[in-house]
Protein chains: 4
Amino acid sequence: MEYKFSFELRVRFSETDAQQIVHNSKYLTYFEIGRVEYLRHLGVPYQQFRDKGYDFVLVVSHVEYKSPAVFDQLLRLQVRVEWLKRSSFQFNYTLADATKDFIVAEGYTIHATVDRTTLKPCHFPEDLCALVEKFEERPLRINS
Amino acid sequence: MEYKFSFELRVRFSETDAQQIVHNSKYLTYFEIGRVEYLRHLGVPYQQFRDKGYDFVLVVSHVEYKSPAVFDQLLRLQVRVEWLKRSSFQFNYTLADATKDFIVAEGYTIHATVDRTTLKPCHFPEDLCALVEKFEERPLRINS
Amino acid sequence: MEYKFSFELRVRFSETDAQQIVHNSKYLTYFEIGRVEYLRHLGVPYQQFRDKGYDFVLVVSHVEYKSPAVFDQLLRLQVRVEWLKRSSFQFNYTLADATKDFIVAEGYTIHATVDRTTLKPCHFPEDLCALVEKFEERPLRINS
Amino acid sequence: MEYKFSFELRVRFSETDAQQIVHNSKYLTYFEIGRVEYLRHLGVPYQQFRDKGYDFVLVVSHVEYKSPAVFDQLLRLQVRVEWLKRSSFQFNYTLADATKDFIVAEGYTIHATVDRTTLKPCHFPEDLCALVEKFEERPLRINS
C-alpha cells in the first residue's frame, strides 16, 4: 500500500549513541513528528485537536530496524493512517534514506482517542475520520 | 511465566512530556537498562561482551502501554530472556509500579548477535547461552 | 567549600553519543536528578513543594566539562545550595568518577521561585530556607 | 553584535516536559544543531571536518532561559562564532520565537580543537579560521 504523505528530516548528533548510529528509542520520536506533520498537512494541527477537548493516548508501538541511520543522514519518513476504529486508530511508518531510498526502519503505533480532561476513551471525531479517509482515498473504518 | 530478575528505577523529570507522563520513547531506554543490568547480574557485563568481539544489534522493539508512569514514580522492571536462536535472541519486559504492583508497560525486543568489527551476524556465544539457560532454569534454544 | 550531599548514578547507554561519550546535554539531566534527590534527602520532595503551590523555573545553567564520562561509568554527583535570595537560588554541582574520584564536570544552575498557577515570581518559602541553611551549616541568604 | 546566520526549527513533542515547556537540556541540543548548520552553511560540513582528522570537544556550555518554549512553537536560532584562539573557539546563540521575535534563550559554548585520533589539543585549521572570519566580516582571532 502506498503512502500519500512524507517529509524529510535530518539525523541530529544528539540522536546518536556510542554504537555511532541513531539510538533505537529515537525512531519513536521520529514517528511522533510524523503524526504531528501528517495532521498539520491535513489542516488539523494536533494542538487544535487538543483544543477541541480530545487527546491521543499511545497504546502500542512497534519498530522494525532495517539499516541503522547515522549522524547527518537525510531521511524521508512516510506516514499513513492504517485503520480507524470507534475510539482507536493505527498509524504506519516507513523511514528511508532520502537520497538512496533504502529502508531504515518500519513500524506502527496504535492510539486511543480520549477526552482530554477525563482521559476516558471517547469516539474518534467523525469529521476528522472523513477528512482522513478522503486524504487516504480508501475506506479506513473497521468494526471494534 | 515468571521473571527471575528485576530491579527498581525512578522516573526522572527529564523523561516526562507535556502530557505530564513518561514519554513513550523512554520505555525503550528503560528496557535497555534492563538488558544491561540483567547481564551484569549474570556476571557478564555488556562491555565485557563487546570486549570479546561481539555486539548486539536491535532488530525489533515492541511496547504495550498499560498505565502511564509519572514523575518520581518508583518502578520495578522485570527482565528475562525469552528464547535464543543461532544468532538472535529475545528479551521480554514487564514494567510495574514498585509499591502498588499494577502494570505500567510490557514489551519485548529482538536482537541479532554480530561480530563487533564486521557487524556481520555471528553465533551467539555458547558459554553465554548456557549461563542464561541455567539462570532462567528452562531450555531457551529454538531452531533458526 | 565542601558538599554535604552526594549520590551515585551510572551512565546509561542511551546517554552516550557518536563520540562514544556522554552527550553534553545529559549533564543537565544529571544536575536535575541532583536537585530532586537533594530535596528528598532534606525531607521535602519536589512534588510536595509543587503541591504547596510553588514551582521552580530555571533561569541559568552552566556546565564545565572536565573529563568525558562513558557508558556504564559509575559517577558520584555532589550537590549543594550555594545561595538563597528573596525569590531565586543557586545550586552547585560537582560530578566525579565514583571509584577513581577524578572530576568529570562542574556546574551551577540558578532558579526563580514562582507561584505554580500564575508563574509569577514569589518569595522562597521561609521554612525551606531555614531547613536548607541548617543542612548546609552556613548562612546562605544574600540580599537581592 | 548582529548575527549573519540563522535558521528555523520547530519544537517537538518529545522535547517538552511535565512543566509543559521545552526541557532545559534541549536548548543544548538546539545549539548543537546550530553549530552543524552553521558549518554546513559555510561549506564545511562537520563530518568533513572530522574526516580531515579534527574533532571538537565541548569545554563550557552556558544557557540563559528567558521565556519558555512550548510544543510546536516555531523558533529561529541565530548562531555566530564569537572568537577563535589557537586551539579553542566560542559560539554564541540567540533563540527567538520565529514569528513574534521575543527571545526564548541565549547562550554560548566553548570548544577545544583536538586531533580526532589522539584527542590531544591541536591548532584550529587555518583555512577554516579564514573562512569563518570572512563570513563573520570581522577579526575573530585573539591571543591564547
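What follows is calculated from the coordinates using simple rules that are stated; it is not laboratory data. Source: prediction; values computed, not measured. Note that we place each Cβ from the backbone using ideal geometry, even for glycine, and neighbour counts take in every protein chain shown.
Couple of notes before you dig in:
- Unit charges at the beta carbon, dipole of segment A:5-144: most positive-side option, A:LEU131, A:GLY107, A:THR16: A:LEU131
- Projected over all directions and averaged, the alpha-carbon convex hull of segment A:50-129 occupies 6.5 nm².
- Computed from phi, the 3J(HN,Hα) profile of segment D:85-99 under the Karplus parametrisation 6.51, -1.76, 1.60 (θ = phi - 60°) reads 10, 3, 9, 8, 7, 10, 9, 10, 9, 10, 9, 9, 5, 6, 9 Hz, with x in place of Gly and Pro.
- Charged neighbours of B:ASN24, selected by a Cβ distance under 10 Å, balance to -1 (K, R count +1; D, E count -1).
- If only the Cβ of Lys and Arg carry +1 and only the Cβ of Asp and Glu carry -1, the dipole of chain A around its Cα centre is close to 300 debye.
- Close amide-amide hydrogen proximity is noted between C:LEU75 and C:LEU9, C:ARG10, C:VAL11, C:ALA98, each under 5 Å apart and 5 or more residues distant or on a separate chain (H modeled in the peptide plane; Pro and chain starts excluded).
- Rounded to whole Hz, the Karplus (6.51, -1.76, 1.60) HN-Hα couplings of segment A:3-18, x for glycine and proline: 9, 9, 9, 8, 7, 9, 8, 10, 5, 8, 4, 5, 8, 8, 10, 5
- From the largest down, chain D spans 43, 32, 25 angstrom on the principal axes of its Cα atoms.
- Taking amide hydrogens as placed 1.01 Å from N in the peptide plane, the amide H of B:ARG86 sits under 5 Å from those of B:SER144, each at least 5 positions away in sequence or on another chain.
- For D:ARG76, the shell of other residues with beta-carbons less than 10 Å away shows a net charge of -3, using +1 for Lys and Arg and -1 for Asp and Glu.
- Proximal lysines to D:LYS134, defined as alpha-carbon separation beneath 26 angstrom and excluding residues fewer than eight positions away on the same chain: D:LYS4, D:LYS52, D:LYS85
- Derived scalar couplings between HN and Hα for segment D:102-111 equal 6, 7, 9, 7, 10, x, 8, 9, 10, 10 Hz in order, rounded to whole Hz, by the Karplus curve 6.51 cos²θ - 1.76 cosθ + 1.60 (θ = phi - 60°), x for Gly and Pro.
- Placed amide H near A:LYS66: partners under 5 Å, 5+ positions off or other chain: A:ALA105, A:GLU106
- Of all aspartates and glutamates in the structure, those lying under 19 Å Cα to Cα from D:LYS120, and not within fewer than 8 positions of it along the same chain, are C:GLU64, D:ASP51, D:ASP55.
- Net charge contributed by nearby residues that have their C-beta within less than 14 Å of B:THR117 (K/R +1, D/E -1): +1
- Note on C:LYS26: lysines with a C-alpha under 22 Å away, same-chain residues under 8 apart excluded, are A:LYS26, B:LYS26, C:LYS66, C:LYS100, D:LYS26, D:LYS66.
- More than 37 angstrom apart: percent of Cα pairs within the protein assembly as shown: 36 percent
- Helix A:26-41 vs. chain A, principal-axis angle (Cα, 0 to 90°, nearest 10): 50 degrees
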